[in-house]
Every structure is written in C-alpha cells, then in structure tokens.
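What follows draws every value from the coordinates through simple rules; no lab data is involved. It should be emphasised that the depicted structure is a prediction, and the values quoted were computed from it without experimental measurement. Neighbour counts are summed over all protein chains in view; Cβ atoms, including those assigned to glycine, are modelled from backbone coordinates with ideal geometry.
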Amino acid sequence: MDAENPCEQMANFLSVVGRTGDILLVVDFEVYESSQPTASQAAAAVMMVKSVTGRLPVLYTGRYVLSSANSMLSQCPLWLANTVRAPFVRRAGRNGSCGSIPTGGSAADP
C-alpha cells in the first residue's frame with residue numbers, strides 16, 4: 001500500500017481477490033520513497049480487510065517501519081521483511097519439514 005486512501009486500496013484489493021476463503025491476505029506496509037503510508041493508514045487498511053472478511057490479514061513490514069506500538073497492527077500475524085545479501089533456499093527434509101540453507105551452502109536434512 002502507499003499513502004493514498006487505504007480503504008479504497010483495500011476495496012480494490014478485495015475486489016480483485018474475490019472469494020477470500022483459503023487465500024492468505026497480506027497488507028504490505030513498507031517504506032516507499034514517493035508515497036509513505038502512516039501507521040494509522042495501515043491500521044485503517046487492516047480494519048477494512050477484517051470488516052469485510054472477518055479475519056485479520058498478515059502484516060508484511062520491515063523492522064524499522066513502525067516507530068511505536070499500534071493496537072490494531074499488533075493484532076496481525078507478522079511477516080517481517082528481511083532483505084539479506086545471500087538468499088535462502090527452502091527444501092523439505094526427510095520428515096517433510098523445511099530447513100533454511102544459504103545458497104551455495106550445505107546442511108544435513110533435519
């Protein structure tokens with residue numbers, strides 16, 4: 001999302017998604033040079049998604065985006081954006097679990 005009207009953005013998002021039954025809904029709240037949304041705008045987006053779908057979306061954000069606690073955003077499951085120099089590859093282990101292995105690295109199956 002950007003700094004434009006959060007309710008209009010979420011209405012558009014939900015109209016494109018359609019039926020949300022098993023779909024993971026995520027509000028992308030990140031730093032954008034040209035149009036930075038505020039925490040209150042992100043909270044309004046979350047409230048809109050919850051009011052329409054009956055469930056909270058996941059909040060995708062960076063570690064330094066929120067400068068203080070927000071009661072609405074703190075209810076959302078968090079997907080922490082974490083940009084790293086070496087990407088990680090996920091692969092299933094013997095027991096079906098996923099392990100993180102640095103690209104070019106090696107690790108025993110869990």
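In this label model, VAL58 and ILE23 are separated by 1.5 nm, measuring between points 7 Å along each Cα→Cβ vector. Of the chymotrypsin sites (Phe, Trp or Tyr not before Pro) in the range 1-34, the ones in a loop by DSSP (not H, G, I, E or B) with at most 12 other beta carbons within 10 Å are TYR32.
By how many nm would the segment from GLU33 to GLU8 grow when fully extended, if each residue of separation counts as 0.36 nm and the alpha-carbon distance is taken off?
On the way: separation 25, 0.36 × 25 = 9.00 nm, distance 2.08 nm.
Roughly 6.9 nm would be gained on extension.
Less than 5 angstrom separates the built amide H of VAL58 from those of LEU25, VAL26, VAL27, all sequence-distant by 5 or more or on a different chain.
Converting phi to 3J(HN,Hα) with the Karplus coefficients 6.51, -1.76 and 1.60 and the offset θ = phi - 60°, the range 62-70 yields x, 4, 9, 6, 8, 8, 8, 5, 9 Hz in sequence order, with x at every glycine or proline.
Counting other Cβ atoms within 10 Å, which trypsin sites (Lys or Arg not before Pro) in the range 42-73 have at most 13 and lie in a DSSP loop?
On the way: sites: LYS50, ARG55, ARG63; in loops: ARG55, ARG63.
Taking the range 42-73 and a limit of 13 other Cβ atoms within 10 Å, the loop trypsin sites (Lys or Arg not before Pro) found are ARG55, ARG63.
About the centre of its Cα atoms, the range 6-84 shows a dipole size close to 240 debye [charges on the beta carbon of Lys, Arg (+1) and Asp, Glu (-1) only; nearest 20 debye].
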